[in-house]
Structures are given as structure tokens and as C-alpha cells.
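Engineer: Just dropping this structure here.
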């Protein structure tokens, strides 16, 4: 019987993996340990990638963090956008949207907190590149909130004299502050009371 030898696997061929799953895992360990306390070995163990694959895909540990921030930020904006666009704009619908976003975000991050907030506290103002990433994400989130306020002003739900950009930034500060508080205790009733108080300022 003739035995046909199979060709040897191509050397140096990049390992196939799911980038979203890898960045989810990397973001989780960065949230749990912080950037500086996380080693490349930690990232390899968390993501299941070898060093060569990790370096080939992201360059270095810093590249993994930047990619994880981009990925985390996109997911955060998708969740917030979906919540804000679920119902016609108004006080009650905005309240439900904000509480739903906080509930989902808190359940995903748990006591580890938010990667954006954690990275901001640990790495700014010294790291300008991380700062630019964070600023872009937060600016886009504030824009989503401001757009919702504009729609609410158009139908009379919110005070038309309010500056929508300032209100968007105000609501973003409230959301990020609640994300920090959730690391201490995820109290749904307290969270709802804070959101209600914030929304009174829009009337």
C-alpha cells in the first residue's frame, strides 16, 4: 500500500483565533489586575494565545491594552445606543435606558469595574495615547446621550433651554460615577434614585 505523506504545516503560519474573544479575555484581566500588574504570561494564560501569536496580532502588551480599550468602548457604545434608541425619547424612557445600560454593564464587568474608568485612573495623565483612546470613547458616548436629549427637547419632554452638549456630559459623568460605585456595592435601589435625581435637572 502506498502511503502518501501529508505536507508539513507551514512554519510561521499565524494561529487562528477569535479576536473578539481574545480582547474580551484581555480586557477582563486588565480590569481585574490593572495594566502594570498584568504580565504577558497572564495575558497568554487568559487568552489562550502563545507569545508569538499575541505579539504577531497586537505587537506587545501595550498594543493588547489599546485594542482591548477599542473593543470594550465599541461594545459599551453599542449597548448604550441600543438602550437609548429602544423607545421614543422622554423622561421615563431615558430613565429606563440608563438603568438598563447600567444593569447590563455592571453584570458584564461585575466588581472588576469598567476598563475605561480603571485605565483612566491608573494611566492618566502620564499616558497620552491611552488618554486619547479614552477621550474618544467618552466623547462618542456623550454624543449619544446628547442626541437623545435633543430628541426629547424636540417633543417637549426636556427643557429646550438646556445645552444638550452640557447635559450629555453631565449624564456621562453620572453613568461613569455609578460604574465606580458599583465596584463597592451594586445597589439597584440606590442606582435608580441617583438616576431619577439626575433626570430632574432636564425638566
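The values are calculated or read from the model by the stated rules, or taken from the named source; none is laboratory data. Quick caveat, the model's predicted, so the values are computed rather than measured. All Cβ positions, glycine included, derive from the backbone under ideal geometry; neighbour counts span all protein chains shown.
Engineer: Please return the ranges of helices (runs of 4 or more DSSP H) entirely within segment 1-78 where 2 or more residues are surrounded by fewer than 18 Cβ atoms within 10 Å (Cβ to Cβ), within 19 Å of the chain's Cα centre (by Cα) and modelled with pLDDT under 95.
Structural biologist: Hits in segment 1-78: 19-33.
Engineer: Applying the selection to segment 134-150, what residues are in contact (Cβ under 8 Å) with a residue 60 or more places away in the chain and either within 15 Å of residue 79 (Cβ to Cβ) or out of contact with any helix residue (DSSP H, G or I) (no Cβ under 9 Å at 6 or more places or on another chain) (or both)?
Structural biologist: Within segment 134-150, 137, 140, 141, 144, 145, 148 meet the criteria.
Engineer: Which one of these is within 18 Å of residue 184 (Cβ to Cβ) and either in contact (Cβ under 8 Å) with a residue 12 or more places away in the chain or assigned to a helix (DSSP H, G or I) (or both): 107, 119, 93? Even if it seems obvious, please write down each step before you answer.
Structural biologist: Values: 119 fails: within 18 Å of residue 184 (Cβ to Cβ); 93 fails: within 18 Å of residue 184 (Cβ to Cβ).
So the residue among 107, 119, 93 that is within 18 Å of residue 184 (Cβ to Cβ) and either in contact (Cβ under 8 Å) with a residue 12 or more places away in the chain or assigned to a helix (DSSP H, G or I) (or both) is 107.
Engineer: Filtering segment 175-197 down to residues that are in a helix (DSSP H, G or I) and without any contact (Cβ under 8 Å) to a residue 40 or more places away in the chain, which residue is surrounded by the fewest Cβ atoms within 10 Å (Cβ to Cβ)?
Structural biologist: By that ranking, first place goes to 189.
Engineer: Test residue 84 against the criterion of being in contact with a helix residue (DSSP H, G or I) (Cβ under 8 Å, 6 or more places away or on another chain), buried (at least 20 other Cβ atoms within 10 Å of the Cβ) and modelled with pLDDT of 85 or more, and give yes or no.
Structural biologist: Working: in contact with a helix residue (DSSP H, G or I) (Cβ under 8 Å, 6 or more places away or on another chain): yes; buried (at least 20 other Cβ atoms within 10 Å of the Cβ): yes; modelled with pLDDT of 85 or more: yes.
Taking the combined requirement at face value, the residue satisfies it.
Engineer: Kindly provide the set of residues from segment 104-139 that are surrounded by fewer than 16 Cβ atoms within 10 Å (Cβ to Cβ) and closer than 29 Å to residue 159 by Cα, ordered by number.
Structural biologist: 104, 135, 136, 139
Engineer: Just to be sure I understand the filter: pairs with C-beta atoms under 7 Å, separated by 6 or more residues or on different chains, first member in segment 47-65 and within 11 Å of residue 30 (Cβ to Cβ), second member in a loop (DSSP other than H, G, I, E, B). Which pairs pass?
Structural biologist: Partner pairs satisfying both residue conditions: 65/35.
Engineer: Residue 161 passes all but one of (1) loosely packed, with under 15 Cβ neighbours inside 10 Å; (2) modelled with pLDDT under 95; (3) more than 26 Å from residue 29 (Cα to Cα); which number fails?
Structural biologist: Of the numbered conditions (1) loosely packed, with under 15 Cβ neighbours inside 10 Å; (2) modelled with pLDDT under 95; (3) more than 26 Å from residue 29 (Cα to Cα), the odd one out for residue 161 is (2).
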